[in-house]
Each structure stands twice: as C-alpha cells, then as structure tokens.
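The values are calculated or read from the model by the stated rules, or taken from the named source; none is laboratory data. This structure is a prediction, so every number in the text was calculated from the model and none was measured. Glycine also receives a Cβ, built like all others from the backbone with ideal geometry; neighbour counts cover every protein chain displayed.
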Amino acid sequence: MNYQIIANETALQHFINWLPECNEHEQYYLCLLARSKYLQGTMHTMKADKQQLKRFTSRKEDMLDKIKQLECAAGTYRHNGQPVPQEALALYISINPRDLWKATFASLVTFAENIRQQQLTKNPHQEVMSEIQKSCSNKYYMDIDVDRKDPAILETISSYINPSCLTILETRGGYHVLIELAAIDPSVKKTWYRQITALPDVDQSGDNLIPVPGCVQGGFVPFFK
C-alpha cells in the first residue's frame with residue numbers, strides 16, 4: 001500500500017496547465033507537509049503543526065511525474081520515529097515561479113555566513129532549498145488566504161475588485177483567492193488591496209504557498225471553483 005498524493009489527476013493536470021510558463025532560470029517550489037491539525041481526535045506524536053517531509057522544484061512539464069514520485073510506500077514518511085498517517089498529508093506549491101539564479105547568489109551569501117560562524121551542522125541542501133523558496137521571480141498572482149468558507153466573503157471581495165482577475169481555490173478550511181495582478185482594473189488599483197486585506201476572515205496575503213488542486217489536503221481535495 002502506498003501513500004496517496006494525487007486524488008484527482010484531471011484536476012491536477014488542469015492546474016498545472018493553468019500555471020504561468022517559466023523562463024529558463026525559473027521553476028516552481030513544492031513541499032509535502034504533515035500537519036497535526038488534520039489529526040485532531042487521533043493519537044499522534046506531532047508537536048508542531050507543520051512537519052516538512054519533502055520539498056523540491058519543478059518545471060511545469062515535469063510536475064505531474066515528480067508529484068507521482070511522492071507516492072511511496074505507506075509508513076516511509078516518519079516523524080519522531082513514527083510513521084506519518086495518510087490523513088496528515090498536504091501538498092503545497094509556490095503560486096509564483098522561483099528565480100533559481102537569484103537563489104544561487106543568496107545561497108552563496110548564506111554559505112559564507114555559515115562558514116564565518118562555523119555553523120558545522122547546517123545542511124547545504126536545505127539552505128539552498130530555503131533560499132529558493134524565498135526567491136520569488138515574476139509575480140503573476142497575489143494570494144488572499146481566507147480562513148472561513150462563506151460565499152458571502154467571495155461576494156464582498158468581488159465587490160472590491162473586478163471578478164475577471166479572480167481565480168477561487170476552495171480548500172479544506174476556506175479559500176485561496178488568486179488575483180492576477182496584470183488583469184486588475186485600473187479603476188481599483190489604489191483601493192483593492194487595503195479593502196480586501198481589512199476583511200476579518202483574511203488570514204494572510206501575498207506570495208504564499210497554496211494547496212495543490214487535485215492533491216490531498218488532510219482528507220480534502222482542493223479544487224478551483
């Protein structure tokens with residue numbers, strides 16, 4: 001028996017096709033997490049909410065195969081020596097491509113500082129992956145993370161900005177409202193961000209990680225509305 005990461009391959013492929021194309025120095029950043037909040041009511045040993053299991057980068061054309069490679073034998077993802085249960089898994093992706101050239105330079109600076117401070121236990125691979133995660137390239141989308149499921153919230157957001165620039169991702173606990181920056185109506189460019197981020201159910205906004213549509217998120221399958 002293997003872990004299941006892909007729950008709806010058609011929805012996943014649709015999402016991959018929807019993503020902006022990458023330039024030759026860009027790739028997407030993905031990470032597989034185990035989240036303790038999805039295990040409420042069950043016995044588990046996870047103290048922190050998020051436990052990173054795998055992270056990697058991918059071009060669009062390789063993404064489906066790379067995600068399939070995460071579906072290894074059940075029990076091989078472990079935390080504190082214990083197998084991570086299927087119900088805890090969630091796959092996330094950077095909504096905008098990452099700049100590998102920018103991350104390379106930042107990694108060299110980080111390595112030099114680690115050497116100066118004699119940080120002998122630092123893992124070079126993890127240092128590079130962290131710099132890649134932080135190195136946003138072309139910013140196509142702004143993500144608004146809404147932490148409650150209520151269609152009225154989406155209606156309010158749509159009243160502050162032209163709906164044609166919005167893509168709605170429904171997730172386990174709410175929505176990710178993806179705003180295509182180039183498509184925002186000029187008449188609202190000076191007002192939309194302040195109005196939307198002031199809403200009480202907006203958890204965070206910006207260049208966030210989002211759950212991958214068509215893949216697992218703690219027993220739920222995120223999808224475009």
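The figures follow:
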quantity: Every residue from the stretch 198-217 that is at pLDDT below 95 and either of a type in the set (Val, Ile, Thr) or at positive phi (or both); calculated: VAL202, GLY206
quantity: Single condition LEU169 does not satisfy, out of (1) buried (at least 18 other Cβ atoms within 10 Å of the Cβ); (2) touching a Ser or Thr at 6+ places or on another chain (Cβ under 8 Å); (3) part of a strand (DSSP E or B); calculated: (2)
quantity: Residue within the stretch 25-42 that is free of Cβ contacts under 8 Å to residues at least 60 places away in the same chain, more than 25 Å from THR171 (Cβ to Cβ) and loosely packed, with under 13 Cβ neighbours inside 10 Å present; calculated: no
quantity: Single condition ARG78 does not satisfy, out of (1) surrounded by 15 or more Cβ atoms within 10 Å (Cβ to Cβ); (2) over 20 Å from THR171 (Cβ atoms); (3) of a type in the set (Lys, Arg); calculated: (1)
quantity: Selection from the stretch 200-225 of residues that are out of contact with any strand residue (DSSP E or B) (no Cβ under 8 Å at 6 or more places or on another chain) and of a type outside the set (Gly, Ala, Ser); calculated: PRO200, PHE220
quantity: Boolean, ASP143 is touching a Ser or Thr at 6+ places or on another chain (Cβ under 8 Å), closer than 26 Å to ILE6 by Cα and at pLDDT 95 or above; calculated: yes
quantity: Residue count, the stretch 84-109 (criterion: β-branched (Val, Ile, Thr) and more than 30 Å from CYS215 (Cβ to Cβ)); calculated: 1
quantity: Any hit, the stretch 119-134, residues being under 23 Å from ASP49 (Cα atoms) and in a strand (DSSP E or B); calculated: no
quantity: Residues within the stretch 177-225 that are surrounded by 18 or more Cβ atoms within 10 Å (Cβ to Cβ) and free of Cβ contacts under 8 Å to residues at least 60 places away in the same chain, tallied; calculated: 7
quantity: Residue match in the stretch 100-109 (condition: within 30 Å of THR167 (Cα to Cα), touching a strand residue (DSSP E or B) at 6+ places or on another chain (Cβ under 7 Å), at pLDDT 95 or above and not hydroxyl-bearing (Ser, Thr, Tyr)); calculated: yes
quantity: Residue match in the stretch 205-219 (condition: part of a loop (DSSP other than H, G, I, E, B) and more than 29 Å from GLU87 (Cα to Cα)); calculated: no
quantity: Unmet requirement for GLN52, which otherwise passes all of (1) in a helix (DSSP H, G or I); (2) over 22 Å from LEU181 (Cβ atoms); calculated: (1)
quantity: Residue check for THR10: loosely packed, with under 14 Cβ neighbours inside 10 Å, out of contact with any Cys (no Cβ under 7 Å at 6 or more places or on another chain), within 23 Å of LEU169 (Cα to Cα) and at pLDDT 95 or above; calculated: yes
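Rundown of residues vs (1) without any contact (Cβ under 8 Å) to a residue 40 or more places away in the chain; (2) in contact with a helix residue (DSSP H, G or I) (Cβ under 7 Å, 6 or more places away or on another chain); (3) not assigned by TED's automatic domain parsing to the domain that holds GLU127, yes/no style:
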position: ARG55; (1), (2), (3): no, yes, yes
position: TYR77; (1), (2), (3): no, no, yes
position: GLN82; (1), (2), (3): yes, no, yes
position: GLN86; (1), (2), (3): no, no, yes
position: THR104; (1), (2), (3): yes, no, no
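Table: residues versus (1) part of a helix (DSSP H, G or I); (2) within 24 Å of ASP203 (Cβ to Cβ).
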site: ASP62; (1), (2): yes, no
site: THR76; (1), (2): no, no
site: TYR92; (1), (2): no, yes
site: LYS102; (1), (2): yes, no
site: ASP143; (1), (2): no, yes
site: ALA152; (1), (2): yes, yes
